[in-house]
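To start, the structure itself, in structure tokens.
The values are calculated or read from the model by the stated rules, or taken from the named source; none is laboratory data. Remember, it's a predicted structure, so these values are computed and weren't measured experimentally. Heads up, the Cβs are rebuilt from the backbone with ideal geometry, glycines too, and the neighbour counts pull from every protein chain shown.
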Amino acid sequence: MGGGPRDARGVDRTLWTRVSGIQGAPLDLLTARIGRRHYAPHTHDEYAIGVTVDGTETMLYRGERIYSAAGSVVVIEPGEAHTGGPARPEGFAYLCLYPATDLLGAVTTAEPGPVPAEPHFANPIVDDRRLGEALRLAHHALRLGADPLEGESRLLGVLGALVRRHAVSGPKAPPAHRRVEAGRIASTVATRLSDELVAPPTLAEVATDLGLSRYQLLRAFRDAMGMPPYAWLAQHRVARARALLDAGHRPAEAASLVGFADQAHLTRWFRRVLGVTPGAYRNSVQDSPTRPTTS
């Protein structure tokens, strides 16, 4: 989920906050209002767990168009391609946090009673208003940071309730279109693109090496990944650039290191995936106290 709080209709605003010391690791938070922007297909390495607080969001997820109204909780699993945008002209607003799989696993292990050993959320939209309000309060406490004990306690309580009430057991069943062969092809292509990030091969080169036509490769990759190879490469570059910005690199340096032609290309894709410019993101997660950034 990506997004933008809004002071005026149609103006997207985004606030990123990084909280450290949550079970020994940092946790990213997002406060956002979207006026018009629709986000390109992208994935997260972490869970994206949010609550819609105003308006209605729409997204494509697991091959279906879904809607999240105010009060609904949205759960996007790691590695799942999705989009996001307003379902109506007035836009929408939401809060989101991005816990790593290790954090959710630790919460699952600590939960008493019969809970899934490997939590999976079959339904991305959770109509649980009480949980949504608890998530909003946890997000607020974590973002303000006035009482770290309260923030972490609320967070772990929310994650525990989410797993206990709404997770299902066993490994997630892949959508029907994600056939084993398509997954194998996509994994091979993604690995090569990642390895050759700065100077990636052409579509024809990859298809020839795999003994496929370009059309066969495109269809298999899109079926497995939910996006074409060029879009996957762009969002992978954004993820790598984000890590470089976190480490203190300037946006122009990050653009060059991950293979974007220039900073303008990085900025365009960064905004499509994360809803904010690289410079604004860098300031949001490095400055203290955090402050809203207009995208």
For this session: Return a yes/no flag: does segment 95-108 have any residue that is more than 17 Å from the chain's Cα centre (by Cα) and either of a type in the set (Val, Ile, Thr) or within 28 Å of Pro228 (Cα to Cα) (or both).
Result: yes
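Which one of these is modelled with pLDDT of 85 or more, crowded, with 20+ Cβ neighbours inside 10 Å and under 22 Å from the mean Cα position of the chain (by Cα): Leu156, Leu142?
Working: Leu156 fails: crowded, with 20+ Cβ neighbours inside 10 Å.
Within the list Leu156, Leu142, the selection yields Leu142.
Can you confirm whether segment 127-148 contains a residue that is assigned to a helix (DSSP H, G or I) and farther than 17 Å from Val51 by Cα?
Of all residues in segment 127-148, those assigned to a helix (DSSP H, G or I) come to 129-144, 148.
This time we only want the ones that are farther than 17 Å from Val51 by Cα, so: 144, 148.
Yes - at least one qualifying residue is present in segment 127-148.
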For this session: Might you check whether a residue that is at positive phi and in contact with a Pro (Cβ under 8 Å, 6 or more places away or on another chain) occurs anywhere in segment 184-202?
Result: no
Exercise. Just for segment 60-99: of the residues that are in a loop (DSSP other than H, G, I, E, B) and of a type in the set (A, V, I, L, M), which one is farthest from Thr14 (Cα to Cα)?
Worked result: Ala81
For this session: Just give me the residues in segment 209-238 being surrounded by fewer than 16 Cβ atoms within 10 Å (Cβ to Cβ) and out of contact with any Lys or Arg (no Cβ under 9 Å at 6 or more places or on another chain), in sequence order.
Result: Gly211, Ser213, Arg214, Tyr215, Gln216, Tyr230
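Here's the yes/no breakdown for (1) buried (at least 18 other Cβ atoms within 10 Å of the Cβ); (2) modelled with pLDDT of 95 or more:
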site: Thr83; (1), (2): yes, no
site: Arg88; (1), (2): no, no
site: Tyr94; (1), (2): yes, yes
site: Gly132; (1), (2): yes, yes
site: Asp147; (1), (2): no, no
site: Pro171; (1), (2): no, no
